[in-house]
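What follows is calculated from the coordinates using simple rules that are stated; it is not laboratory data. All values derive from a computational prediction rather than experimental measurement. Positions of Cβ are generated from backbone atoms using ideal geometry, with glycine treated the same way; all protein chains shown enter the neighbour counts.
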């Protein structure tokens, strides 16, 4: 029994250090692709191959790269992509572009901690233009990587790829939430995650009494703009307290709502005598005639 346990531990240990996947793109400091480019923890370094002297990038088949590493005794790699691209780093200062990206992400999240940011031009550049404007694609902040462009006074565009590593606080559902249920700290919790990719803007905080579930929400789901609508303070067929002020006289009565209503919505209600009125929603089961 003990022997089997030891074998299991050894297997898990082996798996932990196996299956190092190639990245799709590697940026290198020179024309040489070294072992430490792929395996920074290697005890000794060596040149695996070099880029063409007149080019600044090289695309290599993953299967050829795997074979080359195996020939040098490194068998722990695997590939998710058919090709791996190696790009020589450009000797340029991207600080201004990086600051633009940082501020863009900060402006779009209530709470974000930027851990690192890497920016590289799509093609090798010896230098940057003296003046340029920076443009970021709409909703790029929803992903950890993206494309940013700069435009010169002569309308020439230069494109850059960037990758940002950041943690953000999001709201997750504590339990299954039914459609039209009010959203609050009762059924939501805040959690810090590493930014990856969102399909819609994530909510980082919610004011109680303001929102409800747009549809059924599974337990543990990150809450986004697609999951939320404004809370119906008045629901169809419910009794509503109506107030009205005329000539310094306050009048109040009860009526049945004929429509759902959010804050400041104008809805129809029906009095006990059958008369239908238009009222403005002012609170939970409350409305005014204005």
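Computed quantities for the displayed model
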quantity	calculated
Nearest-0.05 FRET efficiency for residue 181 and residue 271, computed from C-beta distance (R0 41 Å)	0.85
The chain: angle of helix 62-71 to the longest principal axis, Cα-based, in degrees nearest 10	50
Using a Förster distance of 41 Å, the FRET efficiency for residue 190-residue 24 (Cβ separation, nearest 0.05)	0.80
Mean separation of Cα contacts under 8 Å (6+ apart) over length of the range 239-288, as relative contact order %	33
Simple label model, 7 Å out from Cα along Cβ direction - residue 57 to residue 280, nm	5.8
Euclidean distance of C-alpha centroids, the range 189-205 and the range 46-125, integer Å	26
Two-site FRET efficiency, residue 92 against residue 250, from Cβ-Cβ distance with R₀ of 45 Å, rounded to 0.05	0.05
D (Stokes-Einstein, µm²/s), Kirkwood Cα radius, the range 95-165, 1.567 mPa s at 4 °C	101
Kirkwood-based Rg to Rh ratio, the range 239-288, C-alpha trace	0.95
0 to 90° range, to nearest 10: angle between helix 95-108 axis and the chain longest Cα axis	30
Cα gyration tensor category, rounded, prolate or oblate, for the range 199-290 with a/c compared to 1.5	prolate
Contact order relative to length of the chain, as percent, for alpha carbon pairs under 8 angstrom and 6 or more apart	10
In Å, descending, principal axis extents of the Cα set of the chain	91, 74, 27
Nitroxide proxy distance, nm - points 7 Å out along Cα→Cβ at residue 225 and residue 113	2.7
Debye intensity ratio I(q)/I(0), log10, the range 195-238, q values 0.15, 0.24, 0.28 Å⁻¹ (C-alpha model)	-0.45, -0.95, -1.15
Cα long-axis angle, helix 2-16 against the chain (0 to 90 degrees, to the nearest 10)	90
Taking the range 95-165 and dividing mean pair separation by its residue count, relative contact order in percent (alpha carbons under 8 Å, at least six apart)	35
Value of [θ]222 nm, deg cm²/dmol, for the chain, DSSP H segments ≥ 4, -39500 (n - 2.57) each, nearest 500	-4500 deg cm²/dmol
Computed label-point distance, nm, for sites residue 80 and residue 135 using a 7 Å Cα→Cβ extension	3.1
